[in-house]
Each structure stands twice: as C-alpha cells, then as structure tokens.
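Each remark here refers to the structure printed beneath this line.
The values are calculated or read from the model by the stated rules, or taken from the named source; none is laboratory data. Predicted model, so just to flag it, every value in this text is computed and none were measured. Glycine gets a Cβ as well: all are built from the backbone with ideal geometry, and neighbour counts include every protein chain shown. What goes into the accessible areas is simple: the full protein's heavy atoms, side chains included, and nothing from ligands, DNA or RNA. Shrake-Rupley method; radii C 1.70, N 1.55, O 1.52, S 1.80 Å.
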Amino acid sequence: MSEFVLVINVGSTSVKADLINPTSGKCDGKLRIERLGSDQAVYSVNNENRGPAPSSHDEAIRTRLPELLEGKRASLVAVGHRIVHGGKIYSDPVVIDQEVMKQLEMLSPMAPLHNPVALMAVRAAVLLITEVPHIAVFDTGFHTTIPDAARAYALPTRLVQEYDLRKYGFHGTSHDFAAKQIAAYLRTDLQKLKLITCHLGGGCSVCAIDGGRSVETSMGMTPLEGLIMSTRCGDLDPTVLLRLQQNAGYGTRDLEYLLTQQSGLLALTNGRSDFRDIERGAKNGLQDCLYAIDVFCHRLIKYIGSYLAVLGGADAIVFTAGIGENSAWVRRQICDRLICFGVHLDDDANYSVGVTEDIPVVEITDSNSRLRAFVSRSNEALSIARSTHELLLT
Ligand code: AMP
C-alpha cells in the first residue's frame, strides 16, 4: 500500500495541503484555498472548485481537510508543516510537541506574516489528525551553512546578541530542491556544482549554492530583505523609515504594513501585485508596468552579479517559482544582461518552455553558453514531504 505525507503550507491568505508519496514524488490529492478572508476566496480540491470557501485558516483545516483525507487516512504516515522561521533554535525538521509549540510561538514576531498563521494551522491539524506525528520543516534550515561574514549586520555586538539580529534566509526548501533537481538533470554530483537559484514567486529570493550548500541569500533576518516582491519592498536604506517616522507620523505597525503589504510591485505599478497582470500591462505599453519590470529585473541582476563574485563563477543560473517558471520576459531581461559572463540564451527554448511534473527541468541556453541557465519546476510540497519522511526513518 502507498504511504503518504500530508504537507500543509499556510500563507497569510492561503492554505495549501498536498498528499504526497515521498518515494515516488507523486501527489495523490491537493486542497487549495486562496484569497482567504476576502469575498473572492476560492476553494478547490484536486483542481475542482468547491464552495463555499472557509473564512479562516482554522476553519479551513477543521472543516475542509477531512474531505481531502477521505479514504486515505490509513496510508498517512506523517503530517509535514512548512514553518517559515526556525530562529536560532531550529534548523533541522523536528517532531512537534508542546515544548516545540511554545518555542515556535516565541519566534512568531520574527516572521509576522507567516509564523502565526502556520501555528494556527498546526493547532487545528494536531486536533484533527492524532494518529501520526506532526513534523515542522523550516524555510531557514537550508541556510545554516551561510558563513558568519555573510550573515552579519554591522551593528553593536550587544544588540546583535540580545535581539538576534542577523541574516537567516528563507525559501530554503525551494532553493535546495531546485539545486538537487538541476544536479539530477545534469547527472552531475551536486558537490561539484556552483549554482545561483532564483526563487521568483509572490515572495522572491536568490541563493548562491556551492556544492549543495547555501553560502549567501538575499533575504535576511526576516523575509523582507533583498529582491522586490509582490507587496514587499526588499532592500531599503533604513533612514527611509526614520524619515517616515519623523516627518509623516508613521508608527511601528504602519511601517510594517507599508513595507510588507503596500510596497514592491504593487507600489511600483500603482495597484498591481500579480505578475501576470503586470506583464499584460507592459505588453500593452503601460509605463508603470514597464517600469516595475525594469526595477524588478535590475534588483535581481545586481544580486546575480554579486553572487557570481561570491561563488567565484558559477555553472548555472536557475529560475523557479511562479514568475521564474512562467515569465520568459524576465528570464530574457536577466540572461541578456549576463552575456558578458558567457550566457547565450536560446530564444526558442526560453519562449516555449513549460516545465511539468514529467519534464521538471528545461535548459534555456544554447550549446555555446559558458554559463548555463535553466528553468526548474518548484515543488516545495515534495521537498517538505521528503524532509518529513527522512526524519521518520531516523
Ligand atoms: P508563487 O508564489 O510561486 O505561486 O508565484 C506567484 C507569482 O507568480 C504571482 O506574481 C503570479 O502572477 C506569477 N505567475 C504565475 N503564473 C505566471 C505566468 N504565466 N506569467 C507570469 N507570472 C506568473
């Protein structure tokens, strides 16, 4: 009989649950709730729209998950929960018990958009599924190999120690998965590869990976630093915050809301946060959409250039997640600016690419390329299912 791991991945307005066979990688059922809490909330099981949508994360888990699990519970071996921030305490996957829950609650302020809702889902799922262990898998875990010099903020030691002010890095399961997928595609030992992985989705980050180990990444103490994202601004001179506090009356909560929910692509386009809409606008000549894509790509190329130096050259650039997998426009802008590093884009491949479960990696550079570029299908659920399963086997 097949064994399944149930993977639960909760965002501020979404719930994703996947039943994954960790050995074959096959998905045997998925539940999606998007735009949770709004009147446009959508709820589907196995890509079939169902209604009505639940109104909270807790309700989603309590009342909709049983539908996904119907007839499958006997094959369930564990539940894997994506937890964004593991802080200093957790890097490897851990079985969730009362003590772990307490520690995770204390970490919530480190990822205010992500950790509190994830914990709400854990509490509801633990009550619903009592027969198998619940395991937390951390986004930060993959980045524990980043050297101190790359991790440090140049602030007084006392403050750094007392408030744990340092780079952690996120999207670890996605960067790790993309790197392994590229090594498998190239039939090369991951230890021999230097890769720059670009996770470009609603949240965006770049990672420099040397021999399978993360050595630099663009997100920092929280998932706000680095690239421009749907509604997050990424890098910013901290004086901007002081100026808004002093001159525009912004308080702490106003600033947090501004930087995480009202900035990024949404702000640059005056109202569009979905990249599909922005690309459509740009193709129709809308100046703010063209501008937003330019700013987005400029920030990204700046990181890729610096990571080429950090790694001392690389074998490949890898694009993954919603924008990375689907936007030929972004990939072209980036690859064209890497010609000086030996990137030769294969335009046909770039425009016709469509990664699927059966073809999860496609090369978009031609045979003259010294630095190769790939599109890699992201599958955070499978990565979490495998980490969860590995812990069960130890
Ligand atoms: P993710 O967080 O990986 O689900 O990615 C979400 C982002 O990917 C959103 O900004 C989407 O607009 C973007 N995206 C999804 N499909 C496409 C597409 N076909 N073309 C451009 N962007 C896309």
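Odds and ends about this structure:
- Screening the chain for DSSP H helices whose Cα atoms reach 15 Å or more along their own axis and whose mean Kyte hydropathy is at least 1.6 gives 115-128.
- Listed residues 334, 153, 76: farthest to the positive end of the dipole of the chain (Cβ charges): 153
- Above-threshold pairs, the threshold being 21 Å between Cα atoms, out of 167/302; 16/72; 26/180; 72/102; 180/302: 72/102; 180/302
- Of the solvent-accessible surface of the range 315-385, computed with a 1.4 Å probe and all protein chains present, 45% belongs to carbon and sulfur.
- Fully extended contour minus Cα-Cα distance, from residue 98 to residue 368, at 0.36 nm per residue: 91.6 nm
- Helical mean residue ellipticity (222 nm; -39500 (n - 2.57) per DSSP H run of 4+; nearest 500) of the chain: -11000 deg cm²/dmol
- Rg in Å to one decimal, and Dmax rounded to a whole Å, for the range 247-394 via C-alpha atoms: 18.4, 57
- If you take all other residues with their beta carbon under 11 Å from the beta carbon of residue 241, and give Lys and Arg +1 and Asp and Glu -1, the sum is -2.
- Calculated on alpha-carbon atoms, Rg and Dmax of the range 132-250 in Å: 16.8, 57
- Note on residue 247 and residue 128: the model spin-label points, each 7 Å out from Cα along the C-beta direction, lie 4.9 nm apart.
- Gyration tensor over alpha-carbon atoms, the range 242-295, equivalent ellipsoid semi-axes in Å: 28, 11, 7
- All other residues whose Cβ lies under 13 angstrom from that of residue 132 are scored, Lys and Arg at +1 and Asp and Glu at -1, for a net of 0.
- When only the Cβ of Lys, Arg, Asp and Glu is charged (+1, +1, -1, -1), the dipole of the chain relative to its Cα centre reaches about 300 debye.
- Charge dipole (the chain, unit charges on Cβ, about Cα centre) - positive-most of 37, 266, 305: 305
- The alpha-carbon atoms of the chain define a convex hull whose volume equals 158 cubic angstrom per residue.
- Carbon and sulfur %, accessible surface of the range 115-233 computed with the full protein complex present, 1.4 Å: 57
- Placing unit charges on the Cβ atoms only, positive for Lys and Arg and negative for Asp and Glu, gives the range 85-157 a dipole magnitude near 200 debye about its Cα centre.
- Each of 241, 224, 205 was scored by the projection of its Cα onto the charge dipole of the chain, and the greatest displacement toward the positive side belongs to 241; charges sit on the C-beta of Lys, Arg, Asp and Glu.
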